[in-house]
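The values are calculated or read from the model by the stated rules, or taken from the named source; none is laboratory data. From a predicted model like this one, the values you see are computed outputs, not experimental measurements. Cβ atoms come from the backbone with ideal geometry, glycine included; neighbour counts cover every protein chain shown. These area figures cover heavy atoms from the full protein model, side chains too; ligands, DNA and RNA do not enter into them. Shrake-Rupley method; radii C 1.70, N 1.55, O 1.52, S 1.80 Å.
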Amino acid sequence: MAHQLLRPTASLSKSATTILRPTAFVTYRTSITLNMMSIRVLSPIVPAHRPITLEKACTTKIPPCNIFSRRLSTNSSWDAEYKDLKARRNKNIIMHPDGHGKHILPGDFVLKKNPRTGVERKVLLEHALGYFWAVKELSLTNNKPILCNNEVIPAAEAELFPSLKGLNSLRDDIVDIPEFFVRNNRSKDATAQCTLVAISCKDFGAKLLPTWTKPFDEILRTGKEADRFEIVRITINEGRIAKLLSPFIVSGTKKNVPESDHCNTLLYYGDAGEMRDVLRMHNIYIGYVFLVDGIGRVRWAGSGEGTEEEVDSMIRFARELTQATERNNIRQKQQQSTGPRVGKKLSR
């Protein structure tokens, strides 16, 4: 192609050598070797009848290609966005001290220090830790990037479950969370119900979730107060091809979930990065569990395979969240504020 673009004269002088543009309005890149020099010319889209000299082509500055233009922004806007994303993170979730999750910044960045200058800069997570960092973290944390809370998160410190819209249930209903968790709580009472939310992104994490859901179902979802406990399973399918494979994903999920739980099994297709960042679910290869109270607040969190001690604590905390002490205290305060009923005694 290069011999078609160049028309050198006998002396190959710069003034005589010209680069002719193609007849179509097409941007092209070519490499021209002349007098032991390699010249890369990028032709912008201009009318085809305007030739330029080689001297002008050599001095033309090629605009740089910003690879991260869709992901990064200016420093001022990035700092504002970073502070906003960091403020949304649930501060009550305990990260494993040996895991990589505690170092991950919002937007999937980490701070990397220059060994010579000591200056820190934000680097993409995959570039700093490698593309298989999540697999390595599982071995470092014993498949538990998030540690279980030792006690119920106090109501004053509890934060709402992050929002995610457009989830599909196995019964073809479209729902939003956390509204779906509190759909049956008309009284808006925090102790009216407790929901175990089990989330997975990969098959490996989904296979570990029954260690939490099965004891919860067998112990709490039987008896007189069974309607106060619920299990919601959420499968996050990220990537462009996931939506195309949705029929196969739905059929495979229905085989592994009892038909009675199809209405509480939700599938999400799309980017859930912000929601995962709020709940500190950076590692997508593992499963996560959360206890949500009657008004949609996260009161306990865990990950990986549930041990006997962890499962016992989860069930004890779930019962604690549904105790009527808080509800009775509210009623007593309301009665004390209104005082005794005063009226006129009627004669018989």
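Going through Arg233, Arg240 one at a time, which residue ends up being at pLDDT below 85 and within 28 Å of the chain's Cα centre (by Cα)?
Arg240
What residue, among those in segment 127-144 that are open to solvent by less than 60 Å² (accessible area, probe 1.4 Å) and of a type outside the set (A, V, I, L, M), is nearest to Lys113 (Cα to Cα)?
Going through the qualifying residues, I end up with Gly130.
Got a number for residues in segment 139-169 being more than 18 Å from the chain's Cα centre (by Cα) and either of a type in the set (Phe, Trp, Tyr) or at positive phi (or both)?
Going through segment 139-169 one residue at a time, the tally reaches 2.
Within segment 277-314, track down each residue that is hydrophobic (A, V, I, L, M, F, W, C), within 21 Å of Asp203 (Cβ to Cβ) and open to solvent by 20 Å² or more (accessible area, probe 1.4 Å).
Matches in segment 277-314: Ile284 only.
Could you list, in sequence order, the residues of segment 160-185 that are of a type in the set (Asp, Glu) and either at pLDDT below 95 or open to solvent by 60 Å² or more (accessible area, probe 1.4 Å) (or both)?
Those that are of a type in the set (Asp, Glu) and either at pLDDT below 95 or open to solvent by 60 Å² or more (accessible area, probe 1.4 Å) (or both): Asp172, Asp173, Glu179.
Run down Leu111, Leu147 and say which single residue is in contact (Cβ under 8 Å) with a residue 24 or more places away in the chain, open to solvent by 30 Å² or more (accessible area, probe 1.4 Å) and among the hydrophobic types (A, V, I, L, M, F, W, C).
It is Leu147.
With (1) under 26 Å from the mean Cα position of the chain (by Cα); (2) under 19 Å from Gly294 (Cα atoms) as the list, and Asn185 as the residue in question, which single condition is left unmet?
Looking at each condition in turn, Asn185 falls short on (1).
Report, by residue number, each residue of segment 244-277 that is under 18 Å from Val182 (Cβ atoms) and under 13 Å from the mean Cα position of the chain (by Cα).
Met275 - this is the single residue of segment 244-277 that is under 18 Å from Val182 (Cβ atoms) and under 13 Å from the mean Cα position of the chain (by Cα).
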